[in-house]
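Below is one structure, written out as C-alpha cells, with a few remarks after it.
Just so it is clear, none of the values below were taken in a lab; they were calculated from the coordinates. Because the structure is predicted, anything quoted here is derived from the model rather than measured. Here the Cβ is made from the backbone with ideal geometry for all residues, glycine too, and neighbour counts use every protein chain on show.
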C-alpha cells in the first residue's frame, strides 16, 4: 500500500457548489466518518501538532473546520481542499486560538456540503497539559495472561519524569499492591510474570508518576492470570450475510489465544448435513487471504470453521451463513432526488443512482399522491440522467423517482427514500458565501470577489453593511450571476465590523442574506509594494505535491509568478502563472520541474513587471517520495518500506485513535531501507503511521487485527 506525501494546504478560494451530490462512478452514496478527534477527554495543546483523521469514499477533496461552541457552528476554517484521509493540524498556524473545552472538528465534502461528519464528543484546547497517565494494556475485558509468560504493559503519559508499575490484586476484601518496577522510562514495559503469583481473574495494572504519585491510572477492567491458557478461537469474518463472488479474494479473520497454528475449513450446510472442505492448514497469525476459485459451488448456506492444529476440538465457526455467488446480486440505489429536493417545472435536473448491473435501466416518476407511475426514460446506460421536467406535471410535494433494471424490472429496482417536490415557482433564496467566515481582512483600494448562491430568475443588489454605524451603502445593483468583483474605495472607513448583504432586485424585503460573520476593512499602505510570504527560504517541497504560494501587495492589478533557478548559469526563470489574483495553489507536476535546492519564487505586477519581489532565501524541490506498509491489516508485526524516501533521518511514530504515540523510533534512510515494527501487543483497531522529516510528513492508515 502506498501513499504520496501531501503537506498541509490552506487555500483561500471561493467555495465551489456543484448540483451533482454524488460521484456517478461511486458504488455507494458518499459518506464521511470522523475518527479523531472523536473520543471524549482529548486535549490539544495550542502550538502543537495534531493528526486529524477520518474515513470516506469520496473521489474529491474535503474542507476541515473548527467549532469552539460544541458543534453549533464551525466558523474557523483550518484547511480547504484536503486530499486523503488524514491532515496534520499545526495549531500554531491557526490564529486566535484560545483555551476552550467545547471544541469539535468538521470534515465535509467540497462537492456536497451535506456529506459531512464531525467529532462525536468535545475536545479541549489548552495552553499546557495537566500531568496524566493512561493505561493502554492490559485494559480491555477478557484478557488472559499465563504465569511464566512475558507480556507487554503499555501506557501513554505526558510526564517529563519516570513512572512506577504495580500489580493490583482485587480478590481480597481490599486491594493489595505489589511492585512490578520503578523508575521506568518510555511508554511500555516487558513484564516477566512470576510463576509464584496466585492464578485468578481479579488483577489490574497501576501506573504512577515517580515525581508525584497522585498522578496515576489503573486498568479500566480486570484481567486474568492463569496457570495455563484456555484455548479460544472466535471467527470475525465472514460472520453472516456476506456475499463473496467467485474469482475474488477475501480476508478470513479471527482472534485466538493459541500458541500454535490453525486450520481453516469451508462448511456447506446446503445438503441438510454439514460437509467440510479444507481451505488451508498450519496458518499463522489471525488472517488469511482466500482466493475463491471456480472449484467452489454457488450457495448461500456456507460458514467458515477455524480450528487449532494441535487440538481440533478447539474451534469456532461463523455465527451465520454467508453466500458464494457467481456474480454480485443486482442492486440499484437512487441517490438524487432522495432528500426532499424542490425542483421547478420546466427546468432540467439530474437524476442519479448507483448500481452493479451490466445492462441498462429505466426511470419512472412515481406520483405518490395519485398512486401512478409515469415513464421518464428507458434503456439508459451509466448512472445519471438529465431530466427536462415537463411544464404540465401537477405541482405538489409527494413525488418519488423509481429506477429499475431493464432485464429484471420486477426484482431489481429502487425508489427515492423521501418524497421530493415539483413546484410552479421556486421560493426565492440567497446565501452569502464570501466574505462569510471569521478573520477576513480586506484593504482599502484592493479588489475582492463577493460570492453567493441563489435560485432566482432575476438579478440581485449588493450592499455594504457598516454594523458600527448601522448603515447600508450600495455596492452594485442589477447584478447577474453569483459573483461580483468589488474594488474597495480608498476612503472607506477602516474598522472590523462590516458585513455584505445580497438581496433580490424583485423582492428585496423578503429575499436577502447577510454575511454570517463580520469582516475587516484595513487602511491602504503607503506606496505600491509586493512581499513574498511563502516560500521564503528553507522550505522543502516535494515534486508531485501541491503548495500555497502567498504574498501581500496593495496593487489594483494582477500579478505573475515565476520559479527562479539560481543553480543555472545564467539564472533561469520559468513561468508558473500569470494574471493571478490573491494566493496561488501550485501543483508541482512531475516531469516539469527538476530537483534542486537553489530555487526562489518571484512575484511581479502584470502592469509594471519592475515592481516585484522574490523569496528572501532559497527553497528546495525534492523527489516524489513513496512509503510502503505491509502487511495491512497487520497481526504480529509490519514492515515499513523506506526505499522511496531520500537519504535523511526520519521520525517514525505509530499513533492510536486517541492521537497517542504507541510506538516511536528514528531511522536514517541512508543506511536502512526498511523498518520492522512490532504490533503483537497492541489492541485491535485503527492506527496511523507517521513518518516525518523537517516539513515533510507521510501518513498511512494501519489496521491492527489479531
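Here are some notes:
- Virtual paramagnetic centre 7 Å along Cα→Cβ of residue 494, amide N under 15 Å, in the stretch 427-447: 441-446
- For the pair residue 90 and residue 326, label points projected 7 Å from Cα toward Cβ lie 5.9 nm apart.
- Spin-label pair residue 185/residue 587, simplified geometry with 7 Å Cα→Cβ offset, distance in nm: 4.7
- Estimated at 0.36 nm per residue, the fully extended path between residue 505 and residue 345 surpasses their Cα-Cα distance by 55.3 nm.
- Additional length obtainable on full extension of the chain from residue 597 to residue 173, 0.36 nm per residue less Cα span: 145.7 nm
- Antiparallel bridges, percent of DSSP beta bridges restricted to the chain (to nearest 5): 90
- Using a cutoff of 8 angstrom between alpha carbon atoms and counting only pairs six or more residues apart, the relative contact order for the stretch 627-704 works out to 34 percent.
- For the stretch 627-704, the pair-distance distribution built from all alpha carbon pairs, in bins 5 Å wide starting at 0, is 3, 15, 31, 27, 15, 7, 1 percent.
- Put simply, when 356-366, 90-100 are sorted by average Cβ atoms within 10 angstrom per residue, most first, you get 356-366, 90-100.
- Hull volume per residue, based on the alpha-carbon atoms of the stretch 133-226 and their convex hull, is 85 Å³.
- Sorted on the mean count of surrounding Cβ atoms within 10 Å across their residues, most packed first, peptides 208-220, 497-509 read 497-509, 208-220.
- Percent of Cα pairs exceeding the 20 Å cut-off, where the set is the stretch 534-593: 30
- Counting every other Cβ atom within 10 Å of each residue's Cβ, 429, 273 order from fewest to most as 273, 429.
- Under the simplified labelling scheme, the residue 158-residue 358 pair shows an inter-label distance of 5.9 nm, with each label point 7 Å from Cα along Cα→Cβ.
- Net lengthening on full extension, residue 214/residue 637 (0.36 nm per residue, minus Cα-Cα): 148.7 nm
- For the peptides 472-480, 59-67, 157-165, the ranking by packing is 59-67, 157-165, 472-480, with the highest mean count of neighbouring Cβ atoms within 10 Å listed first.
- Residue order, fewest to most surrounding Cβ atoms within 10 angstrom, among 486, 452: 486, 452
- Both numbers refer to the Cα atoms of the stretch 377-425; Rg and Dmax are 12.8, 38 Å.
- The stretch 545-674 - convex hull of the alpha-carbon atoms, volume per residue in Å³: 172
- Mean sequence separation of contacting Cα pairs (under 8 Å, at least six apart), scaled by the length of the chain, corresponds to a relative contact order of 10 percent.
- Residue 300/residue 377 FRET efficiency (R0 45 Å; Cβ-Cβ; nearest 0.05): 0.85
- The calculated FRET efficiency for the pair residue 40 and residue 569, based on their C-beta separation and a Förster distance of 51 Å, comes to about 0.25.
- Counting other Cβ atoms within 10 Å as a rough exposure proxy, the listed residues 200, 547 run 200, 547 from fewest neighbours to most.
- Extent of the stretch 230-377 along its three principal axes (Cα atoms, max minus min coordinate, largest first): 73, 29, 25 Å.
- On the basis of the beta-carbon distance and an R0 of 45 Å, residue 397 and residue 129 show a calculated FRET efficiency of 0.25.
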